[in-house]
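What follows is a set of notes on a single structure, which appears directly below.
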Amino acid sequence: MAKLLMEQLTKTYDNKAKAVENFNLTVEDEEFIVFVGPSGCGKSTTLRMIAGLEDISSGTFSIDGKKMNEVEPKDRDIAMVFQNYALYPHMTVYENMAFSLKLKKMPKAEIKERVRNAAEILGLMDYLNRKPKALSGGQRQRVALGRAIVRDAKLFLMDEPLSNLDSKLRVQMRTEISKLHQRLKTTTIYVTHDQTEAMTMATRIVIMKDGVIQQVGTPKEVYDQPDNVFVAGFIGSPAMNFFNGRIEGNYFVMGQTKLLIPDSALPNGLDNLEVIIGLRPEHITHKPDKDQSTVEVNLDVVELMGSEYMVYATLEGRSFVGRVDANLNLSAGTVFAMAFEMDKARFFDPTTEKRIK
Amino acid sequence: MRTKDFAYWLFLAPVLIALTLVVVVPMLLGVYYSFTSWNGITTGEFVGFQNYIDLLKDERFLDSLWFTTKFSVVSVILINFIGLSLALIVTSRIKSSNLLRTTFFMPNLIGGLILGFIWQFIFIKVFASVGEMVGMESLQVWLSTTETGFWGLVILMSWQMAGYIMVIYIAYLQGLPKELLEASEIDGASSFQRFRYIVFPLVAPAFTVSMFLTLSNTFKLYDQNLSLTGGGPYNSTEMVAMEIFNTAFVQNTFAYAQAKAIIFFVIVAIVALFQVYWNKRREVEM
Ligand SMILES: Nc1ncnc2c1ncn2[C@@H]1O[C@H](COP(=O)(O)OP(=O)(O)OP(=O)(O)O)[C@@H](O)[C@H]1O
Ligand SMILES: [Mg+2]
């Protein structure tokens with residue numbers, strides 16, 4: 001049970017580059033926080049500062065009001081799952097999980113019970129006497145999780161724990177970790193660069209880029225109300241479509257194309273200004289009746305996903321993706337009327353790339 | 001098929017010929033000579049196991065064997081202990097670790113004979129002067145007793161080989177995955193516990209290599225023995241290699257020396273193979 005407070009956390013490595021800058025975050029007890037962002041954005045660095053494996057260059061980090069900057073990792077009461085599992089190769093599964101308890105001088109009987117409990121939850125009962133090298137990737141992953149949960153630590157840290165697994169196992173382990181969190185309620189910080197993992201597991205998502213937090217919010221908030229172009233484009237798959245143009249009256253104008261924006265959706269004071277609008281693929285679709293937001297486009301590629309088509313097309317030299325019901329018969333190379341649901345559009349300032357509300 | 005066979009043997013030939021000429025033939029000849037009364041000039045007659053029976057009663061030989069064994073056990077432990085300690089020091093985050101590495105390795109670059117004379121000077125002259133200054137009798141008699149001769153050899157050997165063994169340990173220590181150490185840190189291990197439960201078991205392969213090298217080096221020691229103590233006092237610090245040399249070239253009983261050499265070879269081989277087998281069993285595959 002832990003409440004974390006990170007204030008102005010900054011990490012400067014020897015090469016003077018700032019890996020993390022002014023990181024501010026409060027994590028409430030029982031939260032499942034996901035750090036997400038492209039490679040090299042400083043997720044691992046932040047996590048390692050929390051774990052104490054990396055010195056904090058400036059700023060403070062505290063757990064339950066107690067400053068942690070100078071506290072050794074072993075005294076922070078944190079459990080961590082590493083990307084490549086980091087299982088001790090010379091110990092059996094049982095010994096791997098029991099190691100931290102043994103160091104705490106816990107009675108043998110209690111260690112046994114705890115390890116068995118964890119093994120039961122994770123389906124590892126049959127493997128307790130094996131060495132890690134005799135396990136599959138998924139099993140190793142579960143041992144790594146087991147090693148963390150027997151600890152009963154205040155805080156779980158996980159650095160891309162699923163990135164080495166195949167896609168099916170990844171989905172399965174994802175739900176297992178979520179279930180585990182619902183059951184144990186331990187405060188968790190989870191690092192990934194996979195936005196799907198972030199969206200499905202997090203109570204709140206922290207999106208980072210170049211060492212700086214871009215936005216913090218629930219999955220729904222960051223999906224519906226992205227603060228800037230980066231967040232809008234990073235969250236969601238396929239990514240949000242962006243169009244550069246200008247507002248003229250109630251219209252978004254881009255080359256020869258004019259799209260009507262409903263009054264309620266258009267922020268004030270944008271008349272005659274350049275903007276970027278963002279539309280998610282599900283908001284570029286097909287409508288039976290044509291209106292002032294329908295545009296005829298040439299279909300470049302059509303992918304049938306089962307219940308719907310992913311439609312790739314070009315409008316005014318910009319390619320975009322839309323989603324259309326699979327009941328319609330579509331094929332590439334044909335002309336098709338796509339409806340742009342402009343009431344769902346998000347508006348961004350072209351220079352700052354921030355969202356205009 | 002036939003041409004392939006021919007090419008196969010052709011490629012092997014240089015090594016096979018060289019190996020046969022310099023290892024196999026002398027070895028077999030040696031075994032043969034050990035059953036004769038060869039004295040280096042005339043081949044002598046076949047004497048059966050007489051040489052082997054004699055050497056079992058040869059106190060000078062048995063003493064040197066016992067001295068060598070004691071010396072090897074103590075040196076192997078000390079060299080590995082010092083080597084691993086040095087490796088741990090220079091792989092920790094201290095500043096001058098590169099300079100230290102070089103310094104620790106340097107003694108190994110000096111030849112054994114010279115090293116022996118250097119240490120002889122230290123033990124006899126420097127120790128004595130220091131002993132005189134602080135009034136310690138025990139420092140003034142170095143190398144003149146069996147006891148001090150023994151420890152003199154141990155110190156010399158450790159000083160020379162520890163840096164070499166250190167390099168082997170460094171290689172293994174640096175090959176340890178960083179995450180394992182971090183994981184153990186997070187699991188709550190103190191630095192001693194980390195060493196005891198993680199580092200030590202995982203550098204086990206290094207023990208196999210290092211023990212093999214130190215064992216064979218200490219068992220076969222000759223140069224340092226010659227230059228430091230010369231076997232004295234009264235042959236009490238004479239090691240097997242030197243004893244065999246003396247038997248052959250001082251007493252001119254070549255066949256007898258050859259029999260000793262064969263016994264020596266068998267002992268070294270058994271010890272070395274046994275320790276490799278024993279250490280291998282404890283190793284872990286990553
Ligand atoms: N030990 C180090 N010394 C110098 N720079 C480092 C070090 N470790 C990381 N960096 C730099 O810090 C930045 C952040 O690295 P970090 O490992 O936190 O990224 P990440 O978000 O975890 O990326 P990934 O998704 O690839 O794991 C990168 O630009 C990286 O090059
Ligand atoms: Mg990382």
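Where a number appears in this text, it was derived from the coordinates with a stated rule and is not lab data. The model shown is predicted, which means the values in this text are computed figures rather than measured ones. Every residue, glycine among them, receives a Cβ derived from its backbone with ideal geometry; neighbour counts consider all protein chains shown.
Shielding of A:92-100 by partners, i.e. mean partner chain Cβ atoms within 10 Å per residue?
Numbers: counts 0, 0, 0, 1, 2, 0, 0, 8, 6.
Taking the mean over all residues of the peptide, I get 2.
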Violating pairs (Cα-Cα greater than 28 angstrom) within the set A:Lys18/A:Lys67; A:Lys102/B:Lys95; A:Lys66/A:Lys112; A:Lys18/B:Lys95; A:Lys3/A:Lys168; A:Lys102/A:Lys133: A:Lys102/B:Lys95; A:Lys66/A:Lys112; A:Lys3/A:Lys168
Give me the Å³ per residue figure for the convex hull around the C-alpha atoms of the range A:241-356. 103
Shielding by partners, peptide B:190-199 (average Cβ within 10 angstrom, other chains): 2
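Can you pull the Rg over Rh of chain A, Cα-only, Kirkwood? Mind dumping the intermediate values first?
Details: Rg = 24.5 Å, Rh = 23.0 Å.
Radius of gyration over Kirkwood radius for chain A works out to 1.07.
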In straight Cα distance, which aspartates and glutamates are under 19 Å from B:Lys220, not counting same-chain residues fewer than 8 positions off? B:Asp63, B:Glu238, B:Glu243
Listed residues A:Glu95, A:Glu70, A:Glu176, most fluctuating in chain A (Gaussian network, C-alpha, under 10 Å): A:Glu70
Inter-probe distance in nm under a simple model that places probes 7 Å from Cα toward Cβ, at B:Phe49 and A:Glu28: 9.0
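When DSSP assigns beta bridges and you keep just the ones with both residues in the protein assembly as shown, what percent turn out antiparallel, to the nearest 5?
In the protein assembly as shown, DSSP labels about 75 percent of beta bridges as antiparallel.
So what is the calculated 222 nm ellipticity per residue for the protein assembly as shown, using -39500 (n - 2.57) for each DSSP H run with n of 4 or more, over all residues, to the nearest 500 deg cm²/dmol? It would help to have the intermediate numbers written out before the result.
Details: 22 runs with 279 residues, N = 643.
About -13500 deg cm²/dmol.
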Scattering profile of the range A:12-72 at q = 0.14, 0.22, 0.30 Å⁻¹ [log10 I(q)/I(0), Debye over alpha-carbon scatterers]: -0.42, -1.04, -1.56
Using the alpha-carbon centroid of each, what span in Å lies between the range B:106-125 and the range A:133-185? 58
Please give, to one decimal in nm, the separation of the simple spin-label points placed at B:Phe81 and A:Lys66, each 7 Å out from Cα toward the Cβ. 3.9
With springs only between Cα atoms under 10 Å, which of A:His193, A:His286, A:His90 fluctuates most in a Gaussian network model of chain A? A:His90
Under the rule of at least 5 residues apart or a separate chain, name every residue whose amide H is placed under 5 Å from the amide H of A:Gln214. A:Ile207, A:Met208, A:Lys209
Among B:Val15, B:Val47, B:Val25, determine the one that fluctuates most according to a GNM of chain B built with springs between C-alpha atoms less than 10 Å apart. B:Val15
Give me the Debye-computed log₁₀ of I(q)/I(0) at q = 0.10, 0.15 Å⁻¹ for the range B:59-248, equal point scatterers on Cα only, no solvent, two decimals. -0.50, -0.92
Gap in Å between the Cα centre of the range A:243-274 and the Cα centre of the range A:283-338? 22
Among the Cα-Cα pairs of the range B:205-286, the proportion with separation greater than 17 Å, in percent, is 56
Could you please tell me the mean projected area of the C-alpha convex hull for the protein assembly as shown, averaged over all directions and given in square nanometres to one decimal? 47.7
Among the lysines, which fall within straight-line cross-link reach of A:Lys258, defined as a Cα-Cα distance under 18 Å, with same-chain neighbours fewer than 8 residues apart omitted? A:Lys287, A:Lys290, A:Lys344
How big is the gap, in Å, between the Cα center of the range A:340-357 and the Cα center of the range B:139-190? 66
For the range A:283-341, state which GluC sites (Glu not before Pro) are in a DSSP loop and have at most 15 other beta carbons lying within 10 Å of their beta carbon. A:Glu316
